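A quick write-up on the structure given underneath.
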């Protein structure tokens, strides 16, 4: 019984150092996950610089209006852009920032919108309509 009490006192004395060491090891760990753009999932560090590309295509339409998140995180609105449309730029992003592209055709048809980050397609959407085709492809940095 006495030896158990001594062991418990010894553990109580060492517990704060053990917990502090564990916290330090956890904080200093790194992620080699490259499965998602810019270093991956929850282990990605921010802020980080990425290359973003937007693509808008259509099997039949010749033009579309395009709204997209630009290099500063603001929005650009371009009217009557020839299809296929592509825009590429470099941007510094933080966690929970997003990249989005929203094409619109006021004559209907089918549109495809894609977001690529560091050359990897991370979001792709298809939109169709008889009189209007519109939608958004959005990628959130995690």
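The values are calculated or read from the model by the stated rules, or taken from the named source; none is laboratory data. What you see is a predicted model, and the numbers here were worked out from it, not measured in a lab. Quick reminder, even Gly has a Cβ in these numbers, built from the backbone with ideal geometry, and neighbours come from all protein chains shown.
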### Query
Taking residue 80 and the conditions (1) on the phi < 0 side of the Ramachandran plot; (2) part of a strand (DSSP E or B), which numbered condition does it fall short on, given that it satisfies the others?
(1)
### Message
Condition check: modelled with pLDDT of 95 or more and either part of a helix (DSSP H, G or I) or in contact with a helix residue (DSSP H, G or I) (Cβ under 6 Å, 6 or more places away or on another chain) (or both). Does residue 50 satisfy that?
### Response
yes
### Message
Being surrounded by 16 or more Cβ atoms within 10 Å (Cβ to Cβ), assigned to a loop (DSSP other than H, G, I, E, B) and touching a residue at least 40 places away in the same chain (Cβ under 8 Å) is the filter here; which residues of segment 96-141 pass it?
### Response
97, 118, 141
#### Entry: Long-range neighbours under 6 Å by Cβ, at least six apart or interchain, first residue under 15 Å from residue 117 (Cα atoms) within segment 44-66, second at pLDDT below 95
44/38; 48/38; 50/38
### Query
Only one residue in 92, 72 is in contact with a strand residue (DSSP E or B) (Cβ under 8 Å, 6 or more places away or on another chain), in a loop (DSSP other than H, G, I, E, B) and surrounded by fewer than 14 Cβ atoms within 10 Å (Cβ to Cβ), so which one is that?
72
